[in-house]
1. Work out how much length A:ALA251 to A:LEU176 would gain on full extension: take 0.36 nm times their residue separation and subtract the Cα-Cα distance, in nm to one decimal.
2. Would you list which lysines come within 17 Å of B:LYS304, measuring only between C-alpha atoms, while excluding same-chain residues fewer than 8 positions from it?
3. Using a/c under 1.5 as the rounded threshold, could you call the stretch B:1-105 rounded, prolate or oblate? The axes a ≥ b ≥ c are square roots of the C-alpha gyration tensor eigenvalues, and prolate needs a/b larger than b/c, oblate otherwise.
4. Tell me, what ³J(HN,Hα) does each residue in the stretch A:146-153 have, in order and in whole Hz, if you take phi through Karplus 6.51 cos²θ - 1.76 cosθ + 1.60 with θ = phi - 60° and put x for Gly and Pro?
5. For the stretch B:166-201, list residues with backbone N below 20 Å from a point placed 7 Å from the Cα of B:GLU108 toward its Cβ?
6. Taking every DSSP beta bridge with both residues inside the protein assembly as shown, roughly what % is antiparallel (nearest 5)?
7. With Cβ to Cβ distances under 13 Å as the rule, what net charge do the other residues near B:GLY6 carry (K, R +1; D, E -1)?
8. Run through the DSSP bridge list for the stretch B:134-212 and note the antiparallel percent, rounded to the nearest 5.
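Just so you know, all these numbers are worked out from the coordinates, no wet-lab data involved. Fair warning: this is a prediction, and the values are worked out from it, not measured in the lab. A quick note on method: Cβ atoms are made from the backbone with ideal geometry, for glycine too, and the neighbour counts reach across all protein chains shown.
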Amino acid sequence: MFFLQLRSELAKLFGKKRTYIGFGAFLLSQNVMLLAFRYSNWQNGTAKLLESNGYLATEFISALTVAVLMLIPQILLLMPLYVMLVGGDLVAKEAEDGTLRMILSRPISRFRLLFTKWLTGVIFAAILVVSLGAMALFFARCWFEWKGMFIFIPIPGGQTIFNVLSADEGLKYYALAHVLLAVNACTMLSLAFMFSCFNMKPAAATILALSFLFLSVVMEGMPFFEDWKEFALTHHFRSWIFVFAKPMPLAQIAESLCVLVGVNVTAFVIGATHFHMRDIKS
Amino acid sequence: MIQLRGVSKQFGTRWAVRDLDLAVPRGEIFGLLGHNGAGKSTTIGMMLGQVWPTTGELRICTHDITRHRAQALHRVGAIFETPVFYDYLSGWKNLQILSHYTAPTPPERIAKIVDWVGLTGREHDKVSKYSHGMRTRLALAQALLPDPELLILDEPSDGLDPEGIHEMRLTIQRLQKELGLTILLSSHLLNEVEQLCTRIAVLNQGKKVFEGTLADAKQTKQWVRLKVGDFARAAASLLADQLITDTRDGSLVALADGVKTDALVRRLVALDIPVFEVAPEEETLESFYLTLMHDSRAEGRKLKAES
């Protein structure tokens, strides 16, 4: 029964056109960025940076390098928006449309309904991240050669991740980074899902979750909160970048993962508790 | 099938339902009447475990809905005033999805229900292409999927054209006759309730102001149409003599218990009031309902004034 219900939730989610907006936006933005990489001054700048560090530039301006570079703006701007758009819809849209009342006239418990909805959202978030990574790699490969990977990512706070990797190693770390990105996406979804469980419009749930994220970014960037930055969610969202660091800070990544899993559980419990207590009316 | 004992629901400081007792026996078509905001939908919400009661006990199919929701709703179907579905999916897919929240339903069962409600041939069309009538039929189909014993219909004829209303009435009658279902029908359409229901309950401002058979409702007061020279004077005298208990519409009087029309005529003649016509007025559900509402409003005003 549980799998039938999960299948139903997936059919509802993937039957909606708006679910695919994120995929379409990624497709478009990736190709625009690729055009910019191919025909702008970016390649010369990267070559200079590599050669000043003693590396042969032609070996590292590759599909993998470009794919990682393309990920950054998409993860910062597009991914939260599309994941939270779906997360905010999961419960609030059904409540607004009235279909939730019809479902809850059936003998399914509210907790079970919420769990299947949340799991559907998690599956969506994971598929979105995997598609994002696969599309980035595929389109980058269409324009650039398959060679070693070069990583140069400055992080707020003065730290910079710099590394050069072989193509095989780079691909392995690229895949691992996507596992962590999927956890980030799930956390963003859980936040929006939590607000969605309250009596509010779907757009309000999405906006509240996005505001929470922006607040975290702003607080993390203020010197006053320097000692508290580990309490900022966005601080832990950055763990995927550290996969490419040399040596890889495993303890820091594990800590961030634990925090994110904790946030997921907390958001679900808060949402489920409120949803259980509220009255579902037309 | 449905039993409510001392059920109340408070939203903030407002009582939506207050101290409601209700019993719907198996096999009946039970009408729940009341104006907008009377508490009908809140009561139905509580019956389906969607609204938590503030106090009281609700039993559906012998199970306590707040404690054993799954067992209570296992063989219950419900339709709400505006049938809403996943418009971007087909009618068939909607039925499949909704059936999964109760129990796995074989395609043969879905096909049988689709045929029963008369949607065969259109079941694979997207719901966005359905007319209001077809949506109502689909709503009925989803309610029938779990092979219900009890059907809760909240304003099922809302938004339907006269032909649709007629069709819905026939369907409800068929459901009771052919499938032996117990039906709770909440409706504004008094004519529909009059034609369908065997028992009714009337809610006003969250309180039950009447419960009984339709015959009881019609016999609560014996109304007589009275055409006289001076109706106001005649009514005042008859009320003072306790020959009548109520007046309505400037020409109707309700006879007191045991009083016959001849006593009225004799008294009016004695008062020298010319009498042109005395005829019994058949009580309709509408007139009963309007009188009930008028009486309970007057009582409410009286209590307010006293307090």
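1. Fully extending the segment from A:ALA251 to A:LEU176 adds 25.5 nm.
2. The reachable lysines, counting only those whose Cα sits under 17 Å from B:LYS304, are B:LYS207.
3. Since a/c reaches 1.5 and a/b is larger than b/c, the shape of the stretch B:1-105 is classed as prolate.
4. 8, 9, x, 10, 10, 10, 9, 10
5. none
6. So the antiparallel bridges amount to about 70 percent of the total.
7. Taking every Cβ under 13 Å from that of B:GLY6, the sum is +3.
8. Percentage antiparallel, nearest 5: 50.
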